[in-house]
Amino acid sequence: MEETEQQSNQKGSTTATESSDKMRHQKHMHSIKEGQQMFDFFGKSHMMMLGGMFAKSQSPWRFNEIRDETELSQTTLSTRLTELVEENLIVRRSYDEIPPRVEYEATQKLRNFGPIFKDLLAWWQEID
């Protein structure tokens, strides 16, 4: 009977260990999925350039200033800015003026990402 209790205890701890391992695996896979989503987002054409530009800037940008700086087409720039706004990485402010004025500025979320952009650029320059 003692063996049965020991076997039962061992079986119970194995199940707990397996359960813990399964939870760790699920968290790891979730992190990988989130990481992949981040790389997919910033892997879009011109997104790293725009993200880095906004992350290091302390002042808002107007649409035409961004277009002049990046030389992106109006359609591409508009699409990328919309995506950045949807991810809460930049804010869009429009002013009821004539002519209309729209400004874009990095959120704290993107500014916190700034050092990563800087490190990526330094790494790239180092290996290039």
*Search region 59-85 for residues being among the charged types (D, E, K, R) and over 20 Å from F117 (Cα atoms), and hand back the single one that is surrounded by the most Cβ atoms within 10 Å (Cβ to Cβ).*
R67
*Go through region 71-99 residue by residue and tally those that are more than 21 Å from the chain's Cα centre (by Cα) and not hydrophobic (A, V, I, L, M, F, W, C).*
10
*How do the pairs read when you match residues in region 83-97 that are more than 16 Å from Q108 (Cβ to Cβ) with residues anywhere that are modelled with pLDDT under 95 and among the charged types (D, E, K, R), using Cβ under 8 Å and keeping only pairs 6 or more apart or on different chains?*
E83/K44; S94/R101; Y95/R101
_Near pairs, Cβ below 6 angstrom, 6+ apart or cross-chain, from region 104-128 (at pLDDT 90 or above) to any residue that is exposed (fewer than 13 other Cβ atoms within 10 Å of the Cβ) and of a type outside the set (F, W, Y)_ = T107/N88; K109/N88
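The values are calculated or read from the model by the stated rules, or taken from the named source; none is laboratory data. All values reported here derive from a predicted model rather than from experimental measurement. Neighbour counts are summed over all protein chains in view; Cβ atoms, including those assigned to glycine, are modelled from backbone coordinates with ideal geometry.
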